[in-house]
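One structure is given below, encoded as structure tokens.
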Amino acid sequence: MSVDAAWALRWIEASAATVAQNRDYLVDLDRAIGDGDHGENMDRGFTAAVAALREAQPGTVAEVLKLVAKTLMSTVGGAAGPLYGTAFLRASKAAGGGDLDGAGVVALIEAALGGIQARGKATAGEKTMVDAWTPALEAARAAAEGGADAADVLDAAATAAEAGAAATKPLRATKGRASYLGERSIGHLDPGAVSTSLILRAAARAATEGGAA
Ligand code: ADP
Ligand code: MG
């Protein structure tokens, strides 16, 4: 079982829906340790991405992700815009020209994390979205090595991202706006790690609910 362009389109639609549903939650999280714009930024970006995809109707996973990257870069703003933009751009390059099997999904997540780290220079444990993407990649790799198909690799990645996001609570931020708070960033979830977990859960759901090829 692999995932195709229709999956990628469902993924971004589902991401837009979950980000919209969790808009106020993400605002609250970002208000606690940032400037409160993360929910609004992400909602604007994914709404614009869905509109752009409906207009352009791209035919491959790579083309979908490339258009998402461009749209997020130009609409999200803040730190998250360039970070997610780079993640989707690198993921698009890793996707190649066809559908993705389990190993292909691992390559996509690896490329996304690589892009985020190239941009933001954060490593695991600094209370950023890297703390969701890193365990997601590790879990995806382990699942693929065990023979999991694309949908099961995505499910493993999403579950690990959710745990990774939850585990940002006790961390002290040393990158991004939250780092200005020092010790006072402890005891709050990182908004970008939470939005990452929402987006990866949307990817997993899009693979099972839409009937992967
Ligand atoms: P801003 O901080 O500019 O207001 P957002 O609120 O949209 O931007 O996004 C904040 C999120 O961006 C943080 O919760 C964190 O996950 C992520 N982030 C910030 N800086 C970095 C970085 N250097 N590397 C990875 N992620 C980062
Ligand atoms: Mg913010």
Discussion item. Of the residues G59, G78, only one is surrounded by fewer than 18 Cβ atoms within 10 Å (Cβ to Cβ) and either under 30 Å from A144 (Cβ atoms) or at pLDDT below 95 (or both); which?
Written reply: G59
Item to complete: Within the stretch 134-148, track down each residue that is open to solvent by 10 Å² or more (accessible area, probe 1.4 Å) and either within 16 Å of ligand 1 (Cβ to nearest atom) or of a type in the set (A, V, I, L, M) (or both).
Response: T134, P135, L137, A139, A142, A143, A144, A148
Worksheet item: In the stretch 163-209, which residues are more than 18 Å from W133 (Cα to Cα) and touching a strand residue (DSSP E or B) at 6+ places or on another chain (Cβ under 9 Å)?
Response: A206, A207
Worksheet item: Which of (1) within 21 Å of R31 (Cβ to Cβ); (2) touching a residue at least 24 places away in the same chain (Cβ under 8 Å); (3) of a type outside the set (V, I, T) does A158 not meet, given it meets every other one?
Response: (1)
Item to complete: Test A206 against the criterion of being under 12 Å from the mean Cα position of the chain (by Cα), under 22 Å from L65 (Cα atoms) and in contact (Cβ under 8 Å) with a residue 40 or more places away in the chain, and give yes or no.
Response: no
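Considering A111, A151, which residue is farther than 20 Å from D190 by Cα, small (G, A, S), surrounded by fewer than 23 Cβ atoms within 10 Å (Cβ to Cβ) and in contact (Cβ under 8 Å) with a residue 12 or more places away in the chain?
None of the others qualify; the one that does is A111.
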Worksheet item: What number of residues within the stretch 81-100 are open to solvent by 50 Å² or more (accessible area, probe 1.4 Å) and more than 14 Å from R119 (Cβ to Cβ)?
Response: 3
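Which residues, counting only those in the stretch 122-133, are farther than 17 Å from L29 by Cα and surrounded by fewer than 22 Cβ atoms within 10 Å (Cβ to Cβ)?
T123, A124, G125
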Discussion item. Consider the stretch 22-53. How many of its residues are of a type in the set (F, W, Y) and open to solvent by 20 Å² or more (accessible area, probe 1.4 Å)?
Written reply: 1
Worksheet, complete the sentence: Expected single match for under 26 Å from D131 (Cβ atoms), within 16 Å of ligand 1 (Cβ to nearest atom) and touching a residue at least 60 places away in the same chain (Cβ under 8 Å) among G39, G81 is G39
Item to complete: Could you pull out every one of the helices (runs of 4 or more DSSP H) wholly within the stretch 1-117 that has 3 or more residues that are within 16 Å of ligand 2 (Cβ to nearest atom)?
Response: 23-33, 38-56, 80-95
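The values are calculated or read from the model by the stated rules, or taken from the named source; none is laboratory data. Everything numeric in this text was worked out from a predicted model, so none of it was measured. Don't worry about glycine lacking a Cβ; one is built from the backbone with ideal geometry, like all the others, and counts go over all protein chains shown. To get the accessible areas, we keep the full protein, side chains included, count just its heavy atoms, and leave off ligands, DNA and RNA. Shrake-Rupley method; radii C 1.70, N 1.55, O 1.52, S 1.80 Å.
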